[in-house]
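Working notes, structure below.
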Amino acid sequence: MVRIELYDLLSKTQEHIARYYATALTDEQKAAIEASDQTYIDQYGSEEAFEAELNKLGMRRETYDRVARSNYLYQNLYELYNTEGSALYASDEDLALYAAEKNYITADHILLTTKDTATGEALSDEEKAEKKALAEEIKQKLDACEGDLTALTALFRELADEYSEDPGRETYPTGYTFTTGAMVPEFEAAAYALAEGAVSEIVESSFGYHILLRLPLDKAAAADAVRETYFTDFFSGRVESAVIATSAEFDKLDPQVLYETIQAAAQVEG
């Protein structure tokens, strides 16, 4: 019976990438793979029985071993990616450029909530009006400082530290670095509409009243935000660019029929 070794496509490509960047399995990793194999062999009673179980899944032992190696090679490539001076290393500057291409921006904001922060219940109309009036006062102070980004940024942070009720400010004291889909729609739309150094009008969302300041992209924060995605995209790009040749016999296969055949064979063997 012909079996499609789909795992081979990814694993073989991964091995090629690993060889290109001169990374290989360590002795410890090889030992770990052997120990894992032995665990399954002991569980099923013999090497032949273990391979029979793999066959029920449409997988040869060769493919299983390649996948195991591939997982470790991926870890090794990731380590190279984070090792300064290696061929795969991505600097914060590289990551920041990638983040900019992915539409990341940085914006600070002042939030005056229209909900009770303890209960989540909406404030009264009178309390909301007080918050809106305070937001207008803050906006007037900021408008008087426009034109000098350094002074404006300093004033904005001072006012945010004093008035903002955003619970995330302690973690993000200089603003958020994000891309589309990460923030509530009103916040996101206002942030992307601003030029760098500009202050928004008062923006109302389900959280309350926001005043935003669009800042130059925080490169360090952007690099941290995309570090994992950058490597994943790098690797996916190499896999997608791999040339995969198939035989005429392979091209004739119907995946659904093959899957049903494997399942039927597994039931008979079981």
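Considering LEU88, LEU73, LEU97, LEU54, which residue is closer than 30 Å to ALA223 by Cβ and in contact with a Phe, Trp or Tyr (Cβ under 7 Å, 6 or more places away or on another chain)? Step through it out loud before you land on a result.
Details: LEU73 fails: in contact with a Phe, Trp or Tyr (Cβ under 7 Å, 6 or more places away or on another chain); LEU97 fails: in contact with a Phe, Trp or Tyr (Cβ under 7 Å, 6 or more places away or on another chain); LEU54 fails: closer than 30 Å to ALA223 by Cβ.
None of the others qualify; the one that does is LEU88.
Go through segment 107-140 and give me each residue that's at pLDDT 95 or above and among the basic types (Lys, Arg).
Matches in segment 107-140: LYS128, LYS131, LYS132, LYS139.
Filtering segment 186-205 down to residues that are closer than 11 Å to LEU111 by Cα and not in a helix (DSSP H, G or I), which residue is nearest to the chain's Cα centre (by Cα)? Show your work before the answer.
Taking segment 186-205 and keeping what is closer than 11 Å to LEU111 by Cα, we get 187, 202-205.
Then keep just the ones that are not in a helix (DSSP H, G or I); that gives 202-205.
Numbers: ILE202: 31, VAL203: 28, GLU204: 29, SER205: 26 Å.
Step by step, filter segment 186-205, then rank; the result is SER205.
Please go through segment 233-254 and give me each residue that is open to solvent by 60 Å² or more (accessible area, probe 1.4 Å), at pLDDT below 60, under 30 Å from ASP94 (Cα atoms) and part of a helix (DSSP H, G or I), ordered by number.
GLU240, SER241
Report, by residue number, each residue of segment 115-128 that is surrounded by fewer than 12 Cβ atoms within 10 Å (Cβ to Cβ) and among the small types (Gly, Ala, Ser).
If the condition is that a residue be surrounded by fewer than 12 Cβ atoms within 10 Å (Cβ to Cβ) and among the small types (Gly, Ala, Ser), then ALA118, GLY120, SER124 are the ones that fit.
Run down LEU73, LEU134, LEU112 and say which single residue is crowded, with 18+ Cβ neighbours inside 10 Å and free of Cβ contacts under 8 Å to residues at least 60 places away in the same chain. Don't jump to the end; show me each part of the working.
On the way: LEU134 fails: crowded, with 18+ Cβ neighbours inside 10 Å; LEU112 fails: free of Cβ contacts under 8 Å to residues at least 60 places away in the same chain.
LEU73 is the lone residue from the list that is crowded, with 18+ Cβ neighbours inside 10 Å and free of Cβ contacts under 8 Å to residues at least 60 places away in the same chain.
Just the residues that are out of contact with any strand residue (DSSP E or B) (no Cβ under 6 Å at 6 or more places or on another chain), within 26 Å of LYS128 (Cα to Cα) and open to solvent by less than 40 Å² (accessible area, probe 1.4 Å), please, taken from segment 190-232.
Within segment 190-232, just SER205 meets the criteria.
Among the residues of segment 17-70, which ones are within 30 Å of ALA87 (Cβ to Cβ), at pLDDT 85 or above, surrounded by fewer than 14 Cβ atoms within 10 Å (Cβ to Cβ) and among the hydroxyl-bearing types (Ser, Thr, Tyr)?
THR26, SER36, listed by residue number.
Within segment 81-97, count every residue that is assigned to a helix (DSSP H, G or I) and open to solvent by 70 Å² or more (accessible area, probe 1.4 Å).
3
Quick one: is GLU165 loosely packed, with under 15 Cβ neighbours inside 10 Å and among the acidic types (Asp, Glu)? Give the derivation first.
Working: loosely packed, with under 15 Cβ neighbours inside 10 Å: no; among the acidic types (Asp, Glu): yes.
Considered against the rule, which asks whether it is loosely packed, with under 15 Cβ neighbours inside 10 Å and among the acidic types (Asp, Glu), GLU165 comes out as no.
Taking only segment 171-185 into account, find how many residues are in a loop (DSSP other than H, G, I, E, B) and open to solvent by 60 Å² or more (accessible area, probe 1.4 Å).
Keep residues of segment 171-185 that are in a loop (DSSP other than H, G, I, E, B), which gives 171-175, 179-184.
Of the ones still in play, those that are also open to solvent by 60 Å² or more (accessible area, probe 1.4 Å) are 171-173, 180-182.
Counting residues in segment 171-185 that are in a loop (DSSP other than H, G, I, E, B) and open to solvent by 60 Å² or more (accessible area, probe 1.4 Å) gives 6.
The values are calculated or read from the model by the stated rules, or taken from the named source; none is laboratory data. Because the structure is predicted, anything quoted here is derived from the model rather than measured. Cβ sites come from the backbone with ideal geometry, for glycine too, and all protein chains shown count toward neighbours. Areas reflect the complete protein model, heavy atoms only, side chains present, ligands, DNA and RNA absent. Shrake-Rupley method; radii C 1.70, N 1.55, O 1.52, S 1.80 Å.
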